[in-house]
Structures are given as structure tokens and as C-alpha cells.
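These notes concern the structure reproduced below.
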Amino acid sequence: MIALKANPRCRSELSARRSGWFGAYGGGASRGATNVTADATGALRGLPFAKMTGSGNDFVFFDGRAVPTDLVTSPEAIQRICNRYNGIGADGVVVLEPLARDADVRIHYFNSDGTAADLCGNATLCSTALAAEIGMAAPSGMRLTTGAGLITSRLNDLPEIDFQPVREIRDALPIALDSGEQRVGFAVAGIPHLVLLTNDAESVDVNVRGPVLRWHPETGAKGANVNWASSLPDGRWRYRTFERGVEGETLACGTGAVATAVMLAQWGLISGDTVTILTSSGRDVTVFLRPRVESAGGTREYFPTLRGEGRVVFRGTIETL
């Protein structure tokens, strides 16, 4: 059972800085680590969390000032937390850790299968919104440390995050195309992605086609996320993503949106530097590709910015998992 508590948004920023999200839990003190217990099966009690969504890509967040990172990041704990039937339910788990030097916040991100990932775009959008709300960083600008390097971000109505340069861009790959698929490319937008241009993204059987491509030898030893994109009459693009670590389709993928926008630019399918992409949740994400830099060898380099939703759905305290 997950016991929900009232949303403490009325607290001042100073109170949030001092006590995290909830103050005292289960009789524990309001400062320092939360008073939590774990039995032999890994069930956690008294542990506060925030459930967040980024365009339908959903996460369970923990405040590292209140919850020890090791307590919630074992594969067993993550799988219990992310279980949509017996747990809270999510695509991943995030722990935000405040830093004193070089960056404001460290993002510890884990997929729902318990594996760590260098970067998750929507989790980083959510981290920006939450770090600003709970006083870990200034909303006007913050520096976030991830496994993919330093990310700068800000809260400007919606959160925006600036990616490191997209790497290993390949316009074409020797991969057999299925019916309706026109071309396939590859890019590393923090993590590796295949992007397929298709006649109609809606008609793709993602959970059948996805596992075949996710482990294709062209993607490397750890495989890649797989994205299908098709144009819409209003100028937007529709995409769908099969995510590694979730091993299924998610409603949105931030790094996938960035990789998709880069490949569309590489293929000459967009006229400007702004790409609006419709996610499976019905929400748009926007990728700004500028500046695009032409290197000495004539190769384009992209320094994208991703803008999209980062929203707290509810807060609660775990009773049993």
C-alpha cells in the first residue's frame, strides 16, 4: 500500500531546503536522512517520493538529502518501485543529489529494469522542474551532472535542457527495412538511438519490431533505443520509441526526440532549426537544433536544446512494496 500525504507546496523555499519534501517521517527528525527501514526482502517503509511525468514518460523521484541513494537504487528495489501492479509504477527511478562545486545537482537515473543509464531527457526535464521547486537550484539556470556529462537547464514556463553535442551521427545503416520504413540512421544523444523514417508511425508494431532492432549489431554491444518518425500535415512530426531498459514502448523519450530531430535535419527533411514532435501521450516536445556548427571536415555538429513537460503528479510515502 502507498499512503499518500498532502502536497506541501505551501511551504517556503527555506523550509524545502531544510527538510526536503515532507519534514518528519514516521516520527523521525526533519533534518538528515529519513527514518526508513528495509526488511530482508528489500521492502522499504517510510520512504518519501514524488511521482513525475514528462509527456507521459513517468518517474519516481527521491530527494537525496532525505533518502540515501544506495537504499533505492539496487536492481531489486528499482524493480519493486517501478512495478505498475504491486509498486508505484514508473519507467524509471531518479535520485537528486545536491552538489557544492562544479554543478548544482547530480542526477542518478535508473531504468525500470534496474540498469543505470547515462541520460534520460524527460527525467532531466523533470529534474530541472523539481530541483527548482524544492530549492536545490535556481530556476533561472542550473548545472546538472549526468552520466553523459554536464547539462545546463532552466525553468522558463516549461523546463529546457541543453544537450552535449550529438555524436556518432550516421545517415544510413546496413539494416534491412520493414514495410513502410524508408530509411534508418543512428545518433548518440547522450545514449544511442536508431531513427527510422516511416510512412506512418502510428501503424508500426513497436513491441514486435522494437526488440529486433534494439539489439541489432550496428547499434553496439549494449544496443540502442529505437524511434519511428513520420510527418504530420500541420508541420509537426509524430514519433514512437522502443526504450532499452524498459524493454517496451514508452509514451515519450526525450533523447529520442533529440536524435529524431537531428536525423530529420541530416536527411534534409526540415527547413529550420526548430522541430516540434508529437509524443504518444498527446503532448508536444520541442527540439531547438541551433547552433548547428559546420566542422573543418564539413561535418555538422548539433548542440540541441529540448523543451517539454516536467510535472509532479503526486507525492507520497511508501508503506510496503
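The values are calculated or read from the model by the stated rules, or taken from the named source; none is laboratory data. Predicted model only: the values in this text are computed from it and were never measured. Using ideal geometry, Cβ is built from the backbone for each residue, glycine included, and neighbour counts are taken over all protein chains shown. These area figures cover heavy atoms from the full protein model, side chains too; ligands, DNA and RNA do not enter into them. Shrake-Rupley method; radii C 1.70, N 1.55, O 1.52, S 1.80 Å.
Structure above, values below:
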read-out: Tally, over the range 308-319, of residues that are open to solvent by less than 50 Å² (accessible area, probe 1.4 Å) and either in a strand (DSSP E or B) or at pLDDT below 95 (or both); value: 5
read-out: Scope the range 298-321; condition closer than 21 Å to L158 by Cβ and either within 16 Å of the chain's Cα centre (by Cα) or among the β-branched types (V, I, T) (or both); matching residues; value: P304, T305, L306, R307, G308, E309, G310, R311, V312, V313
read-out: The range 215-264, residues that are surrounded by fewer than 24 Cβ atoms within 10 Å (Cβ to Cβ), among the aliphatic types (A, V, I, L, M) and not in a helix (DSSP H, G or I); value: A221, L232, V246, L251
read-out: Extreme residue, nearest to the chain's Cα centre (by Cα), among residues of the range 60-92 that are under 19 Å from I161 (Cβ atoms) and not in a loop (DSSP other than H, G, I, E, B); value: G92
read-out: Filtered residue count, the range 177-214, keeping only those that are free of Cβ contacts under 8 Å to residues at least 40 places away in the same chain, farther than 19 Å from W237 by Cα, open to solvent by 60 Å² or more (accessible area, probe 1.4 Å) and in a helix (DSSP H, G or I); value: 2
read-out: Residue within the range 275-293 that is exposed (fewer than 14 other Cβ atoms within 10 Å of the Cβ) and part of a strand (DSSP E or B) present; value: yes
read-out: Boolean, P68 is open to solvent by 30 Å² or more (accessible area, probe 1.4 Å), modelled with pLDDT of 95 or more and at negative phi; value: no
read-out: Answer residue from the range 133-147, given it is small (G, A, S) and surrounded by fewer than 21 Cβ atoms within 10 Å (Cβ to Cβ) and is nearest to L71 (Cα to Cα) among those; value: G147
read-out: P174 vs. criteria assigned to a loop (DSSP other than H, G, I, E, B), under 20 Å from V287 (Cβ atoms) and open to solvent by 10 Å² or more (accessible area, probe 1.4 Å); value: no
read-out: Which listed residue is in contact with a helix residue (DSSP H, G or I) (Cβ under 9 Å, 6 or more places away or on another chain), of a type in the set (D, E, K, R) and crowded, with 20+ Cβ neighbours inside 10 Å, from D113, D91; value: D91
read-out: Hits in the range 148-171 - residues which are polar (S, T, N, Q) and not in a loop (DSSP other than H, G, I, E, B); value: T152, S153, N156
read-out: Residues satisfying the stated conditions in the range 265-274, i.e. of a type outside the set (A, V, I, L, M) and in a helix (DSSP H, G or I); value: Q266
read-out: Identity of the residue in the range 294-305, at pLDDT below 95 and part of a strand (DSSP E or B), that ends up least open to solvent (accessible area, probe 1.4 Å); value: Y302
read-out: Test: residue in the range 96-105 that is touching a helix residue (DSSP H, G or I) at 6+ places or on another chain (Cβ under 7 Å) and open to solvent by 50 Å² or more (accessible area, probe 1.4 Å); value: yes
read-out: Among (1) surrounded by fewer than 22 Cβ atoms within 10 Å (Cβ to Cβ); (2) modelled with pLDDT of 95 or more; (3) not hydroxyl-bearing (S, T, Y) - the single one G272 does not satisfy; value: (2)
read-out: Residues being open to solvent by less than 40 Å² (accessible area, probe 1.4 Å) and either assigned to a strand (DSSP E or B) or not hydrophobic (A, V, I, L, M, F, W, C) (or both) - total across the range 116-125; value: 3
